[in-house]
Every structure is written in C-alpha cells, then in structure tokens.
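Participant: Could you have a look at this structure, given as structure tokens, before my questions?
The values are calculated or read from the model by the stated rules, or taken from the named source; none is laboratory data. Worth saying up front: this structure is predicted, and the values here are computed from it rather than measured. With ideal geometry, Cβ positions are generated from the backbone for all residues, glycine too; neighbour counts draw on all protein chains shown.
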Amino acid sequence: MRWSLAFLILESVSGSVIIPDTHAVHEERSSHHAWSRNGRVHSTSMVPLRIALTQQNLDDGTGYQKLMEVSDPESPRYGQYLSAEEVHNMFAPSSDAAQDVTKWLLEAGVKQDDIFEYENKGWLAAHIPAEMFEQLFHAELHEYEHKLTGELKIGCDVYHLPKHITKHVDYITPGVALSARVRKRNVKRSLQRRALHTSHMIAEDFGPPPVNAADLRKDLSDCGRNMTIACLRALYGIPKPTKTDSVDSVNSVDSLGMFENFYSYAQQDLDEFYTRYYPEIPNGTHPITISVDGGAGPAINRTVRESGTEPALDIQVALPLIYPQTITVYQVEDPPQAALQINQTLPGYLNTLLDALDGSYCNYCAYGICGDDPTLDAVYPDERPGGFNQPRQCGVYNLTRVLAISYGQGEQDLPVAYTRRQCNEFMKLALQGHTIVVSSGDWGVASFPNDTGTANGCLSGCGKVFHPSNPGNCPFVLSVGGTQLFSNQSIIDPESALHLPASNTTYISTGGGFSNYFARPSYQKEAVDDYFEKHDPGYKYYYADANVTNIGSHGGIYNRGGRGYPDVSANGARYPGVKWRQFKNGTVTTDETFYGTSLSCPIWGAMITLINQERTAVGKGPVGFIQPVLYKHPEIFNDITNGTNDGCGTKGFEAVQGWDPVTGLGTPNFPKMLEVFMNLP
C-alpha cells in the first residue's frame, strides 16, 4: 500500500477519549518544550506506524554481566568475546513479542499484508489510516511544529496499549516520540552556534629551561616546553614498535582507528611534520581513509576550510608511536551535514559511524528510541550540493580493535534516552573485543562556554551545577584526562593535572566529574568509594534519579552516585606539530603547538594498539574492554597528586592519591601495563 506524508490537518476541537479497563497508559508527554501542538490529523490520512519491541537483557544487567565475564581478569571466560551475531541475539526481542503484537493488530482489523517485521526483529511497521491509529491506541493524532526550525511532525500527547502486550512494546511512533519530519515551514531562525570540544592551540611565554635537565639526552632536555615523541616515550616507557602486523593491508587487524568529523587532514601537513619532527616516517605515508556517508578526505587543498586541527593532531601524535603500524581514519558525514554538527545545529555526531559499523543499530530500538533521530542526527540521502545523495550506510564497515574519539560535548546537549541507547552500542562493541577511547574534555567540571545557555557552560539557571562530558560519561568507553609538565620541569619531575590559560578569561582544564545519566559501574566502585572516604571534596551533592529530573536538588552541584571520569590520563600540553594557518594579515605559518585531552586520547589509543600487537604476535586476542583490568592494577600507573579541574565558579576537584575525578587512576607505566596484559590469557 502506498501512503503519503502530506497529512491533512483538522481544525476541530479534540473530544474526550474513553479508555477501556483492558488498556493502560503506555507513554504520556510531560510538556511540549520546543514543539507547538497544532490541529488534528485528518481521519483518512495514512500514518506510518512503527512499534518498537522491547529488547531483552537491556535493563536487567545481563549485558553488563556478560561484558564483565569476558573482561574481568579473574574470570575464567576472560577474552572470550562474542561475535556480532551473538551480541545481536542477546538483545533481540523475545520471539513472543512480535507474535503477540501482530496477533493484537490482526484482531483489531489491520490486514496481514500491511504488517511488516523488520529483519533485525526490533520492530514492526504498518501503514494505517489515522482513524484506525486513534482507535488502536485510544489517542488523538496532532501536528506538531518546532518553534525554532518550523519542522512539522505528527504525534500524540498520550496513548494506551492493551495490558497484556505492554511488556512487549518499548514505544511507538508517531506517539510521544514524534514521527519523522513531514515537511518544514519557511521560517527565519537563529540557532546558537556551539562548537564540539576538540583540540586547542594557545600561545605561552616560556621561562628558562629546567635546571634538572642537564644530565638528560639532548632530545629530552626541554620536555616541559616541547613534549615531543621522544619525551612521551621516555615519560611513559613506550618502546618503538617491534611488530608490524601486515601494515600494508587495509585489513590490518591492529590498525588504530580514529573518528574524524567535518575537517580532514592535509597530506602536506603530515609530510612537513615527518620531515621536521620524525624523519623515520617517509613522506607520503598516510592513513587509510574510510568515508562514511560521504565523509570528505583527505583535504585536497591546505586551507582552513578543508584541513583541520583535530585530524592533524590525532595523526601526528599517534602515528610516530605505532609506526610502521597504520592508522584508519573513519571520516564521517558529508560536508553539509558535518557543518551542522560541528556547530551543534545537529548535536548528534556519533550515530552515523555506529550505523555504518553495525547494521542492526540503524533501526535498533532502546530506551524509547528506534534508529537515528532526524532532529539530532544527519539524514540521508542528502540532496544538497556536496551531499551524500544515497541511503545511509548500515553495517558496511568493520571496526578496528581500538577506536580513538577526540571529540566531545556536554552531557545535557543530548537527551538521556538518546545517550543511553548510544552507550549501549558501545557496550555491544566492547562485548566483541573493541576498545573505545575518548577524551574527557577540556573545560574542567563544566562544558564549553555558553553551552546550555550559561556563560560558563554549567547547569542550572545560575550556572553553578557541574556539567559532565559526553561520550566519556558512558561506562563502556575509556575516558582519558590530561596532564602536563610545567615549562620549567623535565621528565624527571612528576606531572600535574592539565590546567593552562587559553585566553584572558578561559582555561584549558582536564575534564572530570560524575555523570548524571549513568550510575557508577561496579568495576570502579571500590576506587571511587575510597576517594570519597579519604578525599571528600566538601561540596553539596545530589543523587540523580533514573529520569534525571532532579539535577541540582538540595543545593547539590554534582551527582554523588554517577559514573566517575576520567578513568586514566596522559600528557596533554605543548606537543609540537604542523598545521597550516593563515592569519588575517595574510601571513602563513605551519608551526603549531597542540593542547588538550584530544592530545591525551590518541596517546592512549596508540599504547593499547601496541599492546594488542604484542598479544597478536603470541596468538592472543585484543584487550577489549580494559577498565576491569586497569582498576584492579593501580600499580601500573603514575599517580597524579597535584592540580585541579576548575569550573562553575569553583576549583572543581583536586588530584589526590589514588583515583580522582581529575586524572583518574593516573598516567601509564607502559612496561608494567604491558606485562599485566601479556600475562592474561
């Protein structure tokens, strides 16, 4: 049956809906927020109904328990990861779900030919008249208009289901979750531009070189002011790679994956970097680039518009640490969509990659969300100039064993259900043996300035409540904070928490704190409990409820029960590199100094890649989800006990002995870490 999205709208006043005793409210809208409810949908308009079937093992802890079985070093099943099919089957709805819901639809008069069950078993679809929809769900369908964008969708404020099938249904669309866009009114709008936090470049006035560096090698004498590859190797004991793992192959099993969005790297920048800082890498050496939904790269021209700081930093710090191993760049989104994401007009930016890696995720239903959200995520085909005018790519690429993501945003920038669904996908990847490494953010206990409508990027109207970072808030990714040596220090000195002035009014400060969206996982409970027992920060706090509706309650400024981050740290200051820039006066420079946890993140990605290579060489599998091992072996870290992560009008938290929400467990002692993982099965 063909159907049309050209819905007819009735202007009549809604009548009362009589609810039989056999039915119960399934979802009810608390408020409209950004949407205005308009007239009723005409009774004869065809409605694209989607019913998201309830997933198994999603909220009962089964997935987490299985993950711990294959990740806990004391488990007899350590390293016995699941296949993609096994993971899919673990979370698929029960066989009874589709049968019972289909039976109800048939009994209600929906024709068998009009009911479609999707291949991933996650949801049912049907095309039915609006009148039948309202009778089925005892609801009233209305048109909703977005107050800023003018987008028009359909849905309802409340709907009901028979009590005997409520356990099988997560949610429906159109419903409280609105439909896909019907059309868009021509309206003028002004949306706040908010950049994703990535890497930083700042200017510093340095003092004299450190006095205790006289006995060091020449290439290690100035690491406080130039944190070169030689300095990083010496600081953490990172050796040069001894394994290559078929580096010329696109399918190299231990290639380091990197997520990049909007900007790409310029080969001219890389070649100049090799020549100037690491001549062991020959000019012309480049990453493997995988274009996801039209992602453009590498940059053809060495311009600000085409080449970006983030990919330049990621590659220039990681490749020298793992060479001759390769880097695989996942260049995500076509240029028009990426431009909307980089300024947060479309705040979602990871789902497109997750779709391309896992075909079931494209339409995966969890936490009341089925598939991508067109109000938050890129939509394909994209008919705009330069757009990817094809269906979105679903399950077309394999993921490298390690993926580094140096992008992030405030936790509140995305809805809690959206974020939890995405985090659940990271758990599914971890179950398959992948390690996801993310930066913890560069704004201390806050998000970036002006996020959430406050000048300091904090929560609540007065901007006093700490604002956690995403995706580092997810318990299934490795969150990496930043450290630094002061300019008058050397590698002999202990590092401090990253905290440097970025301008006259702002600081780069390592991100850390406690999530409002995710509870504290068991693998870090002992470490975090020990922190509160011995080093209570003294601030008022609250315990976020399941729906995250009580942020800031009782005068609290952080969630005492949340997932603590970062997990670990690495140096994030004064890394010399190459990035073409042109100033307003026309002068051009390629000298660059990189800062931020975007520097720390690929360092950890590179180290995990090196460990995987060593395990591969002796017939062992990847380290996968590594937090359970790391938290049980604090002796493999250099504990950071100096510094704070200021924000929200406070000093934030302090770096103290043991785990802390500033630098996590600390920075790595690579030889000790390698020994621990090589001794595991």
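Participant: Looking at (1) surrounded by 16 or more Cβ atoms within 10 Å (Cβ to Cβ); (2) within 32 Å of the chain's Cα centre (by Cα); (3) closer than 26 Å to residue 361 by Cβ, which is the one condition that is false for residue 115?
Facilitator: Against the list (1) surrounded by 16 or more Cβ atoms within 10 Å (Cβ to Cβ); (2) within 32 Å of the chain's Cα centre (by Cα); (3) closer than 26 Å to residue 361 by Cβ, residue 115 comes up short only on (2).
Participant: Now a separate question. Hey, does the range 647-662 have a residue that's over 23 Å from the mean Cα position of the chain (by Cα), of a type in the set (Val, Ile, Thr) and surrounded by 23 or more Cβ atoms within 10 Å (Cβ to Cβ)?
Facilitator: Scanning the range 647-662, I find no residue that is over 23 Å from the mean Cα position of the chain (by Cα), of a type in the set (Val, Ile, Thr) and surrounded by 23 or more Cβ atoms within 10 Å (Cβ to Cβ), so the answer is no.
Participant: Looking only at the range 494-512, count every residue that is in a loop (DSSP other than H, G, I, E, B), surrounded by fewer than 24 Cβ atoms within 10 Å (Cβ to Cβ) and modelled with pLDDT of 95 or more and tell me the total.
Facilitator: Result for the range 494-512: 1.
Participant: Next question. Checking residue 362 against (1) surrounded by fewer than 23 Cβ atoms within 10 Å (Cβ to Cβ); (2) farther than 30 Å from residue 595 by Cα; (3) of a type outside the set (Lys, Arg); (4) modelled with pLDDT of 85 or more, only one condition comes out false. Which one?
Facilitator: With (1) surrounded by fewer than 23 Cβ atoms within 10 Å (Cβ to Cβ); (2) farther than 30 Å from residue 595 by Cα; (3) of a type outside the set (Lys, Arg); (4) modelled with pLDDT of 85 or more applied to residue 362, the lone miss is (4).
Participant: Among (1) of a type in the set (Ser, Thr, Tyr); (2) surrounded by fewer than 17 Cβ atoms within 10 Å (Cβ to Cβ); (3) under 21 Å from residue 367 (Cβ atoms), which single condition is residue 54 missing?
Facilitator: If we test residue 54 against (1) of a type in the set (Ser, Thr, Tyr); (2) surrounded by fewer than 17 Cβ atoms within 10 Å (Cβ to Cβ); (3) under 21 Å from residue 367 (Cβ atoms), just (2) comes out false.
Participant: Determine the pairs where a residue that is within 26 Å of residue 608 (Cα to Cα) and of a type in the set (Phe, Trp, Tyr), located within the range 405-418, has a partner that is assigned to a helix (DSSP H, G or I) and modelled with pLDDT of 90 or more with Cβ atoms under 9 Å apart, the partner being 6 or more residues away or on another chain.
Facilitator: Correct list of pairs: 407/598.
Participant: May I pose another question? Got at least one residue in the range 62-76 being outside the structural domain of residue 431 (by TED's automatic domain parsing), within 30 Å of residue 21 (Cα to Cα), among the small types (Gly, Ala, Ser) and crowded, with 19+ Cβ neighbours inside 10 Å?
Facilitator: no
Participant: Looking at 611, 603 in this structure, which one is among the aliphatic types (A, V, I, L, M), assigned to a helix (DSSP H, G or I) and closer than 26 Å to residue 445 by Cα?
Facilitator: 603
Participant: Which residue is farthest from residue 440 (Cα to Cα), if the candidates are limited to the range 495-516 and must be touching an Asp or Glu at 6+ places or on another chain (Cβ under 8 Å) and hydroxyl-bearing (Ser, Thr, Tyr)?
Facilitator: Among those that are touching an Asp or Glu at 6+ places or on another chain (Cβ under 8 Å) and hydroxyl-bearing (Ser, Thr, Tyr), it is 507.
Participant: Among (1) modelled with pLDDT of 90 or more; (2) on the phi > 0 side of the Ramachandran plot, there is one condition residue 128 misses while meeting the rest; what is its number?
Facilitator: (2)
Participant: Let me ask something additional. Just for the range 59-92: of the residues that are modelled with pLDDT under 95 and touching a Lys or Arg at 6+ places or on another chain (Cβ under 6 Å), which one is farthest from residue 124 (Cα to Cα)?
Facilitator: Top of the filtered list is 87.
Participant: May I pose another question? For the range 614-640, enumerate the residues that are in a loop (DSSP other than H, G, I, E, B) and more than 17 Å from residue 528 (Cβ to Cβ).
Facilitator: 618, 619, 620, 621, 622, 623, 624, 625, 626
Participant: Output the number of residues of the range 483-503 satisfying the condition of being under 13 Å from residue 644 (Cα atoms) and among the hydroxyl-bearing types (Ser, Thr, Tyr).
Facilitator: Final tally of qualifying residues: 2.
Participant: OK, next. Pairs please, first residue from the range 279-302 and not assigned by TED's automatic domain parsing to the domain that holds residue 260, second anywhere and surrounded by fewer than 19 Cβ atoms within 10 Å (Cβ to Cβ), Cβ atoms under 9 Å, 6+ apart in sequence or on different chains.
Facilitator: Partner pairs satisfying both residue conditions: none exist.
Participant: So, in the range 513-559, exactly how many residues are on the phi > 0 side of the Ramachandran plot, at pLDDT 95 or above and either surrounded by 12 or more Cβ atoms within 10 Å (Cβ to Cβ) or assigned by TED's automatic domain parsing to the domain that holds residue 574 (or both)?
Facilitator: Within the range 513-559, residues that are on the phi > 0 side of the Ramachandran plot, at pLDDT 95 or above and either surrounded by 12 or more Cβ atoms within 10 Å (Cβ to Cβ) or assigned by TED's automatic domain parsing to the domain that holds residue 574 (or both) number 1.
Participant: Can you tell me how many residues within the range 587-603 are more than 19 Å from residue 507 (Cα to Cα) and over 20 Å from the mean Cα position of the chain (by Cα)?
Facilitator: Here the count works out to 5.
Participant: Mind checking which residues of the range 644-658 are part of a loop (DSSP other than H, G, I, E, B) and among the small types (Gly, Ala, Ser)?
Facilitator: Hits for the range 644-658 are 649, 652, 655, 658.
Participant: Could you tell me whether residue 429 is at pLDDT below 90, under 17 Å from the mean Cα position of the chain (by Cα) and of a type outside the set (Asp, Glu)?
Facilitator: Values: at pLDDT below 90: no; under 17 Å from the mean Cα position of the chain (by Cα): yes; of a type outside the set (Asp, Glu): yes.
Spelling it out, it is not the case that residue 429 is at pLDDT below 90, under 17 Å from the mean Cα position of the chain (by Cα) and of a type outside the set (Asp, Glu).
Participant: Considering only the range 426-465, how many residues are crowded, with 24+ Cβ neighbours inside 10 Å and small (Gly, Ala, Ser)?
Facilitator: Of the residues in the range 426-465, 8 are crowded, with 24+ Cβ neighbours inside 10 Å and small (Gly, Ala, Ser).
Participant: To continue, here is another question. Could you say whether any residue in the range 298-314 is at pLDDT 90 or above, at negative phi and of a type in the set (S, T, N, Q)?
Facilitator: Checked against the condition, which is being at pLDDT 90 or above, at negative phi and of a type in the set (S, T, N, Q), the range 298-314 yields no hits at all.
Participant: If you don't mind, another one. Quick one: which residue in 487, 496 is over 30 Å from residue 86 (Cα atoms) and touching a strand residue (DSSP E or B) at 6+ places or on another chain (Cβ under 7 Å)? I'd like the intermediate steps shown before the answer.
Facilitator: Values: 487 fails: touching a strand residue (DSSP E or B) at 6+ places or on another chain (Cβ under 7 Å).
Going through 487, 496 in turn, the sole match is 496.
Participant: Okay, moving on. Return a yes/no flag: does the range 388-408 have any residue that is of a type in the set (Phe, Trp, Tyr), part of a helix (DSSP H, G or I) and either within 12 Å of the chain's Cα centre (by Cα) or not assigned by TED's automatic domain parsing to the domain that holds residue 349 (or both).
Facilitator: no
Participant: Any residue at all in the range 523-544 that's touching a His at 6+ places or on another chain (Cβ under 9 Å) and among the charged types (D, E, K, R)?
Facilitator: Yes, the conditions are met somewhere in the range 523-544.
Participant: Before we move on, is residue 255 at pLDDT 90 or above and either in the same structural domain as residue 669 (by TED's automatic domain parsing) or within 24 Å of residue 607 (Cα to Cα) (or both)?
Facilitator: Yes, satisfied.
Participant: Name the one entry in 123, 104, 35 that is closer than 30 Å to residue 357 by Cβ, touching a strand residue (DSSP E or B) at 6+ places or on another chain (Cβ under 7 Å), touching a residue at least 60 places away in the same chain (Cβ under 8 Å) and not assigned by TED's automatic domain parsing to the domain that holds residue 397.
Facilitator: Answer to the check: 123.
Participant: If I go through the range 418-463 residue by residue, how many of them are touching a Leu at 6+ places or on another chain (Cβ under 8 Å) and part of a helix (DSSP H, G or I)?
Facilitator: 9
Participant: Would you be able to say whether some residue in the range 576-594 is modelled with pLDDT of 95 or more, buried (at least 24 other Cβ atoms within 10 Å of the Cβ) and either of a type in the set (Phe, Trp, Tyr) or touching a Pro at 6+ places or on another chain (Cβ under 8 Å) (or both)?
Facilitator: no
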